[in-house]
Structures are given as C-alpha cells and as structure tokens.
C-alpha cells in the first residue's frame with residue numbers, strides 16, 4: 001500500500017512538472033516598439049504590442065502601468081485563451097524630444113518572473129521647422145580686398 005501511495009505521488013509530481021500554464025510571447029523584437037523619428041502632429045502616438053498565449057492555460061493580464069503619465073496603456077480585460085492573440089495598445093502624448101518609456105504588464109504568464117513583463121517604446125518627436133520666406137535675411141558681410 002505504501003508503495004502504491006509513493007508511486008501515485010511520483011506520478012502526480014511528474015505530471016505537474018509538465019504543466020505549462022499561461023505563456024505570453026510578443027511579436028515585437030525585445031518587447032520594444034520603435035516610433036522612429038516622428039514629426040509632432042503627424043501621428044496620433046498609438047502603437048500596439050501584439051502577443052500570443054503560447055501556454056496551455058488562459059492568460060490573464062491584471063494590470064499595465066507606464067513609467068510616466070505621458071504614456072497610457074490599454075490591455076484586454078478578458079482572458080486570452082491558449083493559442084489566441086491579443087494586443088496591448090500604448091498611446092504616447094507625442095511631446096517633443098526623445099521617447100524612452102517603459103510599460104510594466106502584470107499577468108499570470110509563467111515564462112516571466114512573477115508574471116511581470118517590461119515593454120518599451122523609443123524614438124524621437126520633433127517639431128517641423130517653419131520657414132518664413134518673407135522674412136528679411138541678414139546680408140553677408142562683403143570681403144574687402
């Protein structure tokens with residue numbers, strides 16, 4: 001009887017070791033989206049991190065927070081079933097200057113420590129230079145011989 005219990009415990013332990021749980025895989029390389037060099041007011045600032053649940057359990061995203069108020073993430077509230085895809089949208093306010101922001105996603109994904117995933121956006125927003133052709137230009141000094 002004791003051998004049977006030990007055998008059942010060993011089998012149960014081995015089966016639990018093969019259970020994957022939910023796993024999240026992002027399409028963006030290094031979990032980063034590069035906005036590139038973008039002119040202010042030419043872009044709404046919205047990008048999407050697309051992902052797939054490659055595990056064998058539903059993926060549940062519980063929260064997504066940005067490193068600052070200039071970036072607003074939106075994530076799916078319903079579970080993502082195994083094999084299905086989803087997306088986390090990020091809206092950057094397109095303020096002039098370099099873009100270097102991190103969005104922290106909390107989930108039940110087993111392939112990230114504590115289910116926390118760091119997503120990053122990078123790039124640069126610039127303002128188009130306005131050239132006034134009616135403005136007088138300063139004359140260049142003449143060279144004297």
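Please treat every number below as a calculation from the coordinates, not as lab data. These numbers were taken from a predicted model, which means no experiment stands behind them. As a convention, Cβ positions derive from the backbone with ideal geometry for all residues, glycine included, and neighbour counts pool all protein chains shown.
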Computed over all unlike Cα pairs, the Kirkwood hydrodynamic radius of region 21-121 in Å stands at 14.0
With label points set 7 Å from each Cα along the Cα-to-Cβ direction at residue 126 and residue 77, the distance between them in nm comes to 4.1
For the pair residue 104 and residue 87, the simple spin-label estimate (label points 7 Å beyond Cα toward Cβ) gives in nm 2.6
Simple SL model, points at 7 angstrom along Cα→Cβ for residue 112 and residue 95; separation in nm is 2.5
